[in-house]
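The values are calculated or read from the model by the stated rules, or taken from the named source; none is laboratory data. Only a predicted model underlies this, so the values are computations on that prediction, with no experimental measurement involved. A quick note on method: Cβ atoms are made from the backbone with ideal geometry, for glycine too, and the neighbour counts reach across all protein chains shown. Side chains are part of the model used for accessible areas, which takes the heavy atoms of the whole protein and leaves out ligands, DNA and RNA. Shrake-Rupley method; radii C 1.70, N 1.55, O 1.52, S 1.80 Å.
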Amino acid sequence: MSDQALNQAADGGPASAGLNQFISFAIGDDQYGVDIMAVREIKGWSQITQLPRQPDYMRGVLNLRGIMVPIIDLRCRFSQGMTEATPLHIVIVVQIGARHVGLLADRVLDIVGINASQVQPVPRIAQGTRADFLSGLVTIESGMIALIDLSHLLSVSAADAAGTAPAGQQAA
């Protein structure tokens, strides 16, 4: 996408008609995307404070200018093992409602403009934890991007982290 098209899209100009923008990032060899409107900032990995009795994918919290931001290890959340976080890893801070959440990933790839018609449904052949957090798949020149459903990722992780929902009930 050219700088002019990117600026028009950011300004709500002609390039934005029917076009949604996503930040694409990598976890291993896989590409994922989150809606650019939910992204508040992208920062390098830094020390976090671990909290006791949290799920493995909940790495801890980061104090971001006075806001305690929980950090979710997406590799672990998608059942691919723990991320060996280094200063080269990144945290994508997203806002869902009034909450800020950090997503630990390997690296940022690009800003991608996608028409809604390009988004394909996620095949539901098997009940896998990975597919539960995805809202769709998009084929691009460099491969495929799995789009993350942030609201579902947060609601499930909040219930798991809090451990407050009785068995068989979903947390509100």
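Quick check on residue 61: is it farther than 30 Å from residue 143 by Cβ and at pLDDT 95 or above?
Against the criterion (farther than 30 Å from residue 143 by Cβ and at pLDDT 95 or above), residue 61 qualifies.
Among the residues of region 58-79, count how many are surrounded by fewer than 22 Cβ atoms within 10 Å (Cβ to Cβ) and of a type outside the set (A, V, I, L, M).
Number satisfying all stated conditions: 8.
Between 132, 149, which is of a type in the set (D, E, K, R) and closer than 22 Å to residue 19 by Cβ?
Going through 132, 149 in turn, just one is of a type in the set (D, E, K, R) and closer than 22 Å to residue 19 by Cβ: 149.
Scanning for something at pLDDT 90 or above, open to solvent by 60 Å² or more (accessible area, probe 1.4 Å) and either touching a Gly at 6+ places or on another chain (Cβ under 9 Å) or not hydrophobic (A, V, I, L, M, F, W, C) (or both), does region 140-153 turn up at least one residue?
The answer is no; no qualifying residue exists.
Tell me, please, whether a residue that is closer than 15 Å to residue 153 by Cα, at pLDDT 90 or above, among the small types (Gly, Ala, Ser) and in a helix (DSSP H, G or I) can be found in region 89-104.
No, every residue in region 89-104 fails to be closer than 15 Å to residue 153 by Cα, at pLDDT 90 or above, among the small types (Gly, Ala, Ser) and in a helix (DSSP H, G or I).
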